[in-house]
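Each remark here refers to the structure printed beneath this line.
Please treat every number below as a calculation from the coordinates, not as lab data. Because the structure is a prediction, the values reported are computed rather than measured. Reconstructed Cβ throughout: ideal geometry from the backbone, glycine too, with neighbour counts over all protein chains shown.
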Amino acid sequence: IDELLAEGVAGKRVFVRADLNVPLDGTTITDDGRIRAVVPTIAKLAEAGARVVVASHLGRPKGAPDPAFSLEPAATRLGELLGADVAFATDTVGESATATVAGLADGQVAVVENLRFNPGETSKDDAERGAFADRLAELADVYVGDGFGAVHRKHASVYDLPARLPHYAGYLIATEVGVLKKLTTDVERPYAVVLGGAKVSDKLGVIDHLLERADRILIGGGMAYTFLKAQGHEVGSSLLQEDQIPAVQEYLRRAEEKGVEFVLPVDVVVAPSFPDLKTKAPAHPTTVAADAMPAGQMGLDNGPETNKLYASKLADAATVFWNGPMGVFEHPDFADGTRAVAQALVDSPGFSVVGGGDSAAAVRILGFDENAFGHISTGGGASLEYLEGKTLPGLAALED
Ligand code: 3PG
């Protein structure tokens with residue numbers, strides 16, 4: 001983007017593909033981290049006199065307008081953060097978008113409505129995606145990719161549009177790639193990785209990669225129960241991916257062979273059922289040993305002994321990568337495991353990277369100071385796929 005700024009952008013229509021996919025409670029944004037992360041790029045372009053057209057997806061609407069997924073709250077928040085009026089188009093490439101962009105003066109910013117209200121955005125059909133990218137290209141003279149959280153998606157605005165316009169990477173993508181590249185090339189050791197979240201199946205690729213690079217891997221969240229079961233423990237009514245047990249057993253075997261330490265919970269917080277996240281009503285939790293989980297009880301967080309153990313495993317790490325919450329942190333009865341890992345990262349003198357939409361939101365929602373971490377990534381799936389060594393369509397399109 002510095003190259004673009006040096007060429008001069010005054011009067012040019014610059015399309016910024018951002019990731020404004022923020023968590024919402026109705027129309028209230030519960031974590032605006034992703035919006036704040038793209039402000040430097042947008043502010044710099046506007047200051048330089050560009051007519052900035054910001055586009056993003058939000059959630060997973062079904063290819064048609066759906067008010068529950070409107071980007072308007074994000075556009076309003078962006079305006080507050082920029083300290084400027086931000087115009088909002090009620091469609092993405094239709095009359096409203098065309099008129100809004102045509103009405104921009106130099107240095108002004110507009111947000112167009114959710115890209116995924118259009119079936120062409122996510123289509124698997126190259127021609128359909130291409131046709132939508134052609135419409136998007138009419139809105140701009142230049143493309144800036146800065147939606148790091150979406151670079152692993154082969155979508156029209158991420159992959160096809162840059163091929164149609166002069167294209168540049170924004171500051172956020174440059175920073176994210178710089179940090180993740182370091183983790184895949186010259187990582188400082190000991191290198192510890194904390195993986196959580198619901199499903200083992202989402203993490204198979206990254207575990208495969210980490211077995212070659214990490215010194216220790218700490219497991220938590222819903223996926224921990226499949227690991228415990230693979231070790232022969234009963235897990236009550238906890239989340240379980242039975243079909244992944246052979247893969248997990250194979251990872252545990254390979255880890256032993258390679259001297260990679262796999263660390264699993266030694267105690268867990270259980271409750272009779274999944275808690276109500278709306279009312280946050282007391283969920284009657286109890287703590288039990290991880291090898292003695294009672295039938296009919298569901299594991300929902302790491303227990304206090306596990307929290308101490310994990311803190312000790314992170315204390316001397318020179319590098320830590322963390323993806324995925326350790327429990328149902330949205331409910332106060334099950335937030336301690338996630339809080340303990342976040343605190344351990346803050347206390348550790350090493351370089352810590354929080355990767356992922358959920359874990360990044362968790363550290364902010366739990367009240368941690370973002371500056372206490374080495375880097376908080378805006379990409380969940382994107383950072384995992386980067387670490388797996390996959391080619392990410394949105395980066396490939398910018399690099400060509
Ligand atoms: C994310 O939340 O990881 C990104 O915004 C991508 O969203 P998606 O998984 O719906 O493509």
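A few notes on this one:
- Any hit, the range 137-145, residues being within 15 Å of the ligand (Cβ to nearest atom), crowded, with 24+ Cβ neighbours inside 10 Å, within 27 Å of the chain's Cα centre (by Cα) and not in a strand (DSSP E or B): no
- Condition met for residue 215 (surrounded by 17 or more Cβ atoms within 10 Å (Cβ to Cβ) and in contact with a Pro (Cβ under 9 Å, 6 or more places away or on another chain)): yes
- Complete set of residues in the range 358-400 that are under 16 Å from residue 221 (Cα atoms) and buried (at least 24 other Cβ atoms within 10 Å of the Cβ): 359, 360, 362, 363
- Residue ranges of helices (runs of 4 or more DSSP H) in the range 289-380 with at least 2 members within 16 Å of the ligand (Cβ to nearest atom) and either within 19 Å of residue 180 (Cβ to Cβ) or not basic (Lys, Arg) (or both): 357-365
- Number of residues in the range 146-176 that are farther than 18 Å from residue 20 by Cβ and within 16 Å of the ligand (Cβ to nearest atom) equals 3.
- Within the range 323-348, considering residues that are more than 25 Å from residue 386 (Cβ to Cβ) and either free of Cβ contacts under 8 Å to residues at least 12 places away in the same chain or among the aliphatic types (A, V, I, L, M) (or both), the one surrounded by the fewest Cβ atoms within 10 Å (Cβ to Cβ): 335
- Look at (1) surrounded by fewer than 24 Cβ atoms within 10 Å (Cβ to Cβ); (2) more than 16 Å from the ligand (Cβ to nearest atom) and you find that residue 223 fails only one, number (1).
- Cross-chain or 6+ apart pairs with Cβ under 8 Å, the range 135-155 first and under 17 Å from residue 122 (Cβ atoms), then within 16 Å of the ligand (Cβ to nearest atom) and acidic (Asp, Glu): 147/19; 149/19; 150/19; 152/385; 155/121
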